Amino acid sequence: FKKLYGSEQSTQGIVLKTEDFERPSLEELIINERKQAKSVIIVLDQITDPQNIGSIMRSCALFDCKGIVVAKDNSPDLTPSLLKAASGAAEKVNYFKVTNLRRSLLNFKNNGYWIYGFDSNGKENQIINFEKKSVLVFGSESRGIRNLIKKECDIFIKLKMKDLSDYQIDSLNVSNASS
C-alpha cells in the first residue's frame, strides 16, 4: 500500500481500483433527450471553483438535470476535490467539456431547447415557467455571463432577493443560484 500511495492519509488504508465512467458525448445526450418529455441542462460560463461545480452536480442529480456543460478552457476537470464535493453525483450527472460553448448553445436551440440566462441585470421574474426542454446558463460570480454567450440566451432571469448592495452582497453563490 505505502509503495503505491506513499504517505497519503486520506485513504484511511482503503483504496478501490475502478474504471472511468462511461459517458455519452454531448451529441448522444441530445439525441437521447429528444425522446424525453422534459430535459434540463445546466451551462456554466467561466465557473472555475471545483467545489461550486461539485455542489451544482449534487443539485442536478436531485432535480433530474441531465448534464452540465462547461468550456474546455477556464473550467476544472473531474478532480478529486470536485468529485468529493459532488458526493456521488458525478456518477449520475453528465459533465461535458466543450471547445465552443456558444456552438453548443446553438446546437441545443436547434434541437428545441430554450436558453435561460440567469443575470443580475435581467428582468426580475415572479413566476418562471420553463419550457419542457430548457438550458439554464450561469456565469461567474464576478463577471456574470460573457456577452458572446448572452447573445444566445432567449430569456434573462433575475432571481428575486433582498437588496444588500450597501454591504456589497449583490448575488448568490453560483451553486446556490443554480439550485
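The values are calculated or read from the model by the stated rules, or taken from the named source; none is laboratory data. These numbers come from a predicted model, not from an experiment. Cβ sites come from the backbone with ideal geometry, for glycine too, and all protein chains shown count toward neighbours. These area figures cover heavy atoms from the full protein model, side chains too; ligands, DNA and RNA do not enter into them. Shrake-Rupley method; radii C 1.70, N 1.55, O 1.52, S 1.80 Å.
Solvent-accessible surface of segment 25-67, taken per residue with a 1.4 Å probe and all protein chains present: 48 Å². Element breakdown for segment 58-127 at a 1.4 angstrom probe: carbon and sulfur atoms account for 47% of the accessible area.
Evaluated over segment 14-131, the count of Lys pairs having alpha-carbon atoms less than 15 Å apart is 7 (only pairs 8 or more residues apart or interchain). For the listed peptides 82-88, 72-78, 44-50, a ranking on the average number of other beta carbons within 10 Å per residue, highest first, reads 44-50, 82-88, 72-78. Prolate is the label for segment 21-82. Its Cα gyration tensor axes, ordered a ≥ b ≥ c, give a/c of at least 1.5 and a/b above b/c.
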